[in-house]
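No lab work stands behind these numbers, since they all come straight from the coordinates. Everything numeric in this text was worked out from a predicted model, so none of it was measured. In this analysis, Cβ positions are derived from the backbone assuming ideal geometry, glycine residues included, and neighbour counts consider all displayed protein chains.
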Amino acid sequence: MSQPHRILVTGAAGGFGAPTVARLRAEGAQVVGLDRVAGDGIVECDVTDTASVERAVAEAVRTLGGLDAVVHYAGIGTPNDAGGPLDPDALRVIDTNLLGAWRVTAAALPALLDGGGKGRVVFVSSELAYVTLPFVSAYSVAKRGMAAYADALRVEYGTDLHVTTVYPGYVRTPIHEAGKAVGLALEGQVRAETVDDIVGTVVRALAAARPPRDTAGTLAGQVELWAGRHLPGIVSRGVVRRMRAQAASGHFDPSPLAAGLVRRLTGRSSLTSERSAA
C-alpha cells in the first residue's frame, strides 16, 4: 500500500478495529489506535470527552510523526424506544457514535491537512442509517448524522481531504450484546455480512487512488443502501409488515421494551406484560 502510511483508528480494540489495525500493519502502514482501554499500539481515549480526545489524538500524531488518515469505528449500540424519554443510554449512543467521530475528526484535522498529501477520513456508518428497524432509533440517528457530517466535511474540506462513508449490514460483533441482553437480537432478522467484508472495504478505500464517496460492504449491501435512500416508503412498509408478523408470532414477547409495539400492532399484550400484570 503506497498511501496512506500513518493511520489513526478509533475503536481499535473492537470487532472491526482490531482486525483492521492488524491488516494495515501487515501491509506496512504505521497505525495507532484509540480505545477506552490502552493496549499495544492503542492510546486510551474516551471519545465522549473532548479533553481526552485532544490528548489522545495529539499523542497518536506524535507517535506516528504526522497523520495521513483516520478510520472511525468507535461505537456502541443500546436498544431504545423511539417514543420514550431521551434517557442516558440513548444519549450515550448518540454521543459516542456521532459526536465522538466529530470530536476525533476535529482534533485530527490539523495534522491531516499538514500530512504532505490529501488526507483521508473513513466513517463507518451502518445500513441502519437508511433502513430503520425498531428499537434502534438512537443508533440510526447517530449513524445517519455521521453520514451527514461526512457530507459536510466533503463540502468544506474536499479540496484537501478524501472522505468515504462505509455502510455495513449486520455483522456479528460485540456491539450486538446489549440487544441480546434485552431480547431484541438482530441475529437472523436481517441479512448478515462478515467482519472481513467490512475490513476489506475500509482497507480498499484507504488504498484507492480515487476513494468511493459512499459504499456498502457487499453487492447486496449496495442494493439495500440504494433502496433505503431512494425508495424509503417501500422499504419502510416492508419493515412494518415484517414487524407486524413478528409481533403476531410472539417474536417480541420476551422483551419488555417491545410491549408497547406489540400492543399497537396486534391489539394484545405481550407475554412479558401479561406476566408483569399477573
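Assorted remarks:
- Calculated [θ] (222 nm, deg cm²/dmol) that DSSP helices of n ≥ 4 give over the chain, each run adding -39,500 (n - 2.57): -14500 deg cm²/dmol
- The residues packed around Thr164, meaning those with a beta-carbon under 13 Å from its beta-carbon, carry a net charge of +4 if Lys and Arg are +1 and Asp and Glu are -1.
- Gaussian network model of the chain, springs between alpha carbon atoms under 10 Å - residue of Gln246, Gln30, Gln222 with greatest fluctuation: Gln246
- Label separation (Arg229 vs Thr266): 3.7 nm, computed from points 7 Å beyond Cα along the C-beta direction.
- Contact order normalised by residue count of the chain, Cα under 8 Å, 6+ apart, percent: 16
- Cα centroid separation, region 52-94 to region 100-129 (Å): 12
- Cα-based helix-to-principal-axis angle, 50-64 vs the chain, degrees rounded to 10: 40
- The chain: C-alpha gyration tensor shape, a/c 1.5 cut-off, then a/b vs b/c: prolate
- Val9 long-range amide H proximity, modeled H, under 5 Å: Val32, Gly33, Leu34, Val71
- Helix 137-157 axis, angle to the chain major axis (alpha carbon atoms, nearest 10°): 30
- Tilt relative to the chain, helix 100-113 - C-alpha long axis, 0 to 90 degrees, to 10: 20
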